[in-house]
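A.B. asks: Submitted below is the structure of interest, expressed as structure tokens.
The values are calculated or read from the model by the stated rules, or taken from the named source; none is laboratory data. Bear in mind that the values here come from a model prediction, so they are computed numbers and not experimental data. Using ideal geometry, Cβ is built from the backbone for each residue, glycine included, and neighbour counts are taken over all protein chains shown. Calculation scope for accessible area: heavy atoms of the full protein, side chains included, ligands and nucleic acids excluded. Shrake-Rupley method; radii C 1.70, N 1.55, O 1.52, S 1.80 Å.
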Amino acid sequence: MRRRLCQAYWHMWLRHLADVFSQILPVSELRHLFVFLSKGCPDRFPVNRFAGAQHRLCAVNLVRQFRLRLAQMLEDLDALEVPVIAAINGICYGGGVELALSCDIRMASDAATFCLIENQLGAIPASGACNRMIRHVGIGKTKEMVISADPIDAREAHRIGLVNYVYPAEELLERTRGYCQRLLKNSPQAMGM
């Protein structure tokens with residue numbers, strides 16, 4: 001029951017996030033977007049073990065619809081012409097890593113862990129995760145993370161280039177907000193990469 005509750009929560013959250021993105025995409029005065037990934041469902045969000053669980057519990061067409069919706073949302077996020085900053089606190093697996101990789105700057109707490117877990121679940125990372133991962137950490141480390149499906153801690157994620165900064169958990173939000181405030185002083189046109 002708990003797994004289904006987490007999956008339902010993830011689907012609901014994805015729909016909500018897609019709605020938010022569709023509303024902010026046309027906003028020309030948007031200066032930056034701040035995405036906070038944290039523990040939430042109860043201790044596993046966004047673990048997103050949905051990949052394997054979905055394959056076991058849902059019809060194939062529902063999985064495809066979900067993956068297509070996720071891929072489109074991540075492409076929309078990646079295409080925003082404002083800096084998108086992720087603050088990652090806790091477990092960030094599967095779709096959580098995919099979401100984080102769609103952000104321009106990734107800040108993690110020292111309690112964060114990262115894993116492309118899909119291989120353990122009989123699936124592969126989708127929604128552009130492998131391509132984005134290669135851009136950030138290189139093909140060798142991407143292959144290792146996909147094949148092994150072993151989690152890495154925040155320090156290792158920083159060392160390989162998966163995250164930009166690592167802060168103590170209690171400082172993460174404050175530091176991320178401070179970073180966002182500093183960006184407001186910069187030219188919005190120059191930041192629209």
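A.B. asks: Sort 105-112, 131-138 for me by packing, meaning the mean count of neighbouring Cβ atoms within 10 Å per residue, highest on top. Let's see the in-between values first.
C.D. replies: Numbers: 105-112: 23.5, 131-138: 16.1.
Output ranking for 105-112, 131-138: 105-112, 131-138.
A.B. asks: Viscosity 1.306 mPa s, temperature 10 °C: Stokes-Einstein D of segment 54-193 from its Kirkwood Cα radius, in µm² per second? Write out the running numbers ahead of the final one.
C.D. replies: Values: Rh = 15.8 Å.
Diffusion coefficient, whole number: 100 µm²/s.
A.B. asks: Let me ask something additional. For LYS185, LYS143, write out the residues from largest to smallest accessible area, computed with a 1.4 angstrom probe and no ligands counted. Before the final figure, lay out each step's value.
C.D. replies: Details: LYS185 170, LYS143 115 Å².
Listed by decreasing accessible area, they come as LYS185, LYS143.
A.B. asks: Now a separate question. If each residue of separation counts as 0.36 nm, what is the full-extension length gain between GLN189 and ASP76 once their alpha-carbon separation is subtracted? Walk me through the intermediate numbers first.
C.D. replies: On the way: separation 113, 0.36 × 113 = 40.68 nm, distance 1.85 nm.
Between GLN189 and ASP76, full extension yields 38.8 nm more.
A.B. asks: Another question, if that's okay. Residue separation times 0.36 nm, minus the C-alpha to C-alpha distance between ILE139 and TYR165: what's the value? Don't jump to the answer; show the numbers that get you there.
C.D. replies: Working: separation 26, 0.36 × 26 = 9.36 nm, distance 2.15 nm.
Once the chain is fully extended between ILE139 and TYR165, it gains 7.2 nm.
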